[in-house]
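A quick write-up on the structure given underneath.
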Amino acid sequence: MKRALITGITGQDGRYLSESLAAKGYQVFGMIRGQANPKARMVQDENPRLELVDGDLRDMASLIAVLEQVQPDEVYNLGAISFVQLSFRQPELTAEITGLGVLRMLDAVRIVGGMENNPMRFYQASSSEMFGKVREVPQSETTPFHPRSPYGVAKMFGHNITVNYREAYGIHASSGILFNHESERRGHEFVTRKITSSLARIKLGLQDTISLGNLESQRDWGHAADYVEAMWAMLQQDEPDDYVVATGETHSIREFLDVAFRCAGYDSWEPYVSHDVRFDRPAEVDLLIGDPSKAKAKLGWEPKVSFEELVRRMYESDLIEEDKAARGMR
Ligand code: GDR
């Protein structure tokens, strides 16, 4: 039975990946940070075969101890401060966890796995935010980076150090440059879930409007359940490498609003959406659109969920969730 360790187990991707690996017959370990982490119980309930282990990406000794205990075949490093806007308010903490955390985990893999014939395969969750002020459209594995946030800068360090450890120590370390991926489990701070959950509350008569920031930015949005399959496929290759994971389609926040409000039976979203400068960013990423041809050709990976289906699924799920919450059932 193969063993996998996932950091960021309580996040959207950690939850999908742990279920997918368990279904493939893996023994899955999730790294949990902090005492009495309230999300530990939720992931344990969702996936009873999951084993939780204590560790923190800021604490090298804890990472070595976790790897010694778990002896994983595959390490998926998904743990990070992942909210771009927060990274402007807490840039140093973002660099510490999202950036240096990758180096610590790679070093722990190097030390525990050994210098030669290291059996531990490593996946780094890199991000399209590294492309930032894009130098080319669409963005591929060879597009130069130009990050626009402390988060993007930290992810760029994580990506580069992963490539460096692969080249310097021969570690089977791959980096997935994932474009935005959303789902019914997306955190409420991200724009897609903020829109679908607020829209559900508007539909249920629980809320009047949604306050948003910049509606012009364009993103390449896919479904997270599809994207975790690409992570796994990367670690099954003979050779480690970097891959863009995207749909190849881009849509503005306005288009997201169009589709979501149409699903809910409204002709227009304009009367329900107001602008709030608090949600504008000091520097913005205007346009992201990925070229996933390498992932398609080498991993045989393709996204299954379309943009329209993604929006509809998120809205319909939120309608049920918000209704339950309003009745005190959540
Ligand atoms: P992003 O996702 O920054 O692309 O990073 P987010 O959903 O936060 O923002 C997308 C775009 O929407 C605009 N926007 C708003 N965003 C939020 N969160 N809230 C608002 O009210 C709002 N109004 C407009 C933003 O300015 C932005 O242009 C996500 C994260 O998951 C990263 O961790 C990941 O690496 C990348 O996607 C790929």
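The values are calculated or read from the model by the stated rules, or taken from the named source; none is laboratory data. Model, not experiment: these values are computed from the prediction. A quick note on method: Cβ atoms are made from the backbone with ideal geometry, for glycine too, and the neighbour counts reach across all protein chains shown. Quick note on the areas: whole protein, heavy atoms, side chains included, nothing else; ligands and nucleic acids left out. Shrake-Rupley method; radii C 1.70, N 1.55, O 1.52, S 1.80 Å.
Sort LYS133, LYS294, LYS324 by accessible area with a 1.4 Å probe, largest first. Present the calculation step by step, with values, prior to reporting the outcome.
On the way: LYS133 110, LYS294 50, LYS324 90 Å².
The most accessible residue leads, giving LYS133, LYS324, LYS294.
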How far is helix 191-203 tilted, in degrees, relative to the longest principal axis of the Cα atoms in the chain, given as a value from 0 to 90 rounded to the nearest 10? 40 degrees
For the chain, give the magnitude of the charge dipole about the Cα centre (Cβ charges: +1 Lys/Arg, -1 Asp/Glu; no others), in debye to the nearest 20. 560 debye
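If I compute solvent accessible area with a 1.4 Å probe over the protein chains, what percent of it on region 191-299 is carbon and sulfur?
On the way: 2050 of 4590 Å².
Percent of accessible area from carbon and sulfur atoms in region 191-299: 45.
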Loop-only check: which GluC sites (Glu not before Pro) in region 172-220 are DSSP coil with at most 11 other Cβ within 10 angstrom? GLU216
Determine the order of ILE289, ILE9 by accessible area, beginning with the largest, at a probe radius of 1.4 Å. ILE289, ILE9
Taking only protein heavy atoms and a 1.4 Å probe, what accessible area per residue, in Å², does region 175-330 have with all protein chains in place? 45 Å²
Of the residues TYR123, GLY30, VAL66, the Cα lying farthest along the dipole of region 1-135 towards its positive end, which is defined by charges on the beta carbon of Lys, Arg, Asp and Glu, belongs to TYR123
If packing is taken as the mean number of other Cβ atoms within 10 Å per residue, what is the order of 167-175, 14-22, highest first? 14-22, 167-175
May I ask which residue of SER82, VAL43, VAL163 lies farthest towards the positive end of the charge dipole of the chain, with charges of +1 (Lys, Arg) and -1 (Asp, Glu) on Cβ and the Cα centre as origin? VAL43
On the protein heavy atoms, probe 1.4 angstrom, tell me the percent of accessible surface of region 7-78 carried by carbon and sulfur. 47 percent
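For the chain, would you read off the P(r) tail past 36 Å as a percentage of all alpha carbon pairs? Don't skip to the answer; put the middle values down first.
Working: 9453 of 54285 pairs.
Taking all Cα-Cα pairs of the chain, the fraction more than 36 Å apart is 17 percent.
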Quick one: putting +1 on the C-beta of Lys and Arg, -1 on the C-beta of Asp and Glu, what dipole do you get for region 1-90 around its Cα centre, in Debye to the nearest 20? 200 debye
I want to verify a result. In a Gaussian network model of the chain, Cα cutoff 10 Å, which of these has the top mean-square fluctuation: GLY79, GLY158, GLY25? GLY25
5 Å is the cut-off here: which amide hydrogens, built 1.01 Å from N in the peptide plane, fall below it relative to GLU249, excluding neighbours closer than 5 in sequence? GLY290
Which one, HIS251, HIS181, HIS159, has the greatest fluctuation when you compute a Gaussian network model over the chain with C-alpha springs under 10 angstrom? HIS251
Test of understanding: in a Gaussian network model of the chain with alpha carbons linked when under 10 Å, which of PRO150, PRO292, PRO48 would top the mean-square fluctuation ranking? PRO48
Size of electric dipole in region 37-177: Cβ of Lys, Arg +1 and of Asp, Glu -1, about Cα centre, debye, nearest 20: 480 debye
Can you give me the Cα centroid spacing of region 314-330 and region 152-223 in angstrom? 22 Å
Could you state the angle between the C-alpha long axis of helix 101-113 and the longest principal axis of the C-alpha atoms of the chain, as a value from 0 to 90 degrees rounded to the nearest 10? 30 degrees
Helix 60-70 vs. the chain, principal-axis angle (Cα, 0 to 90°, nearest 10): 80 degrees
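Please compute the length gained on full extension between ASP54 and GLU309, using 0.36 nm multiplied by the number of residues separating them and subtracting their Cα-Cα distance. All intermediate terms of the calculation are to be shown ahead of the outcome.
Working: separation 255, 0.36 × 255 = 91.80 nm, distance 3.69 nm.
The ASP54-GLU309 span can extend by a further 88.1 nm.
What number, rounded to the nearest 500 deg cm²/dmol, is the helix-based mean residue ellipticity at 222 nm of the chain, given -39500 (n - 2.57) per DSSP H run of at least four residues and division by all its residues? Numbers along the way, then the final one.
On the way: 11 runs with 131 residues, N = 330.
Helix-only estimate at 222 nm: -12500 deg cm²/dmol.
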Probe 1.4 Å, all chains present, heavy atoms only: VAL102 accessible area in Å², nearest 10, is 0 Å²
Paramagnetic label zone (point 7 Å from Cα along Cα-to-C-beta, PHE279; backbone N under 15 Å) in region 251-272: 252-261, 269-272
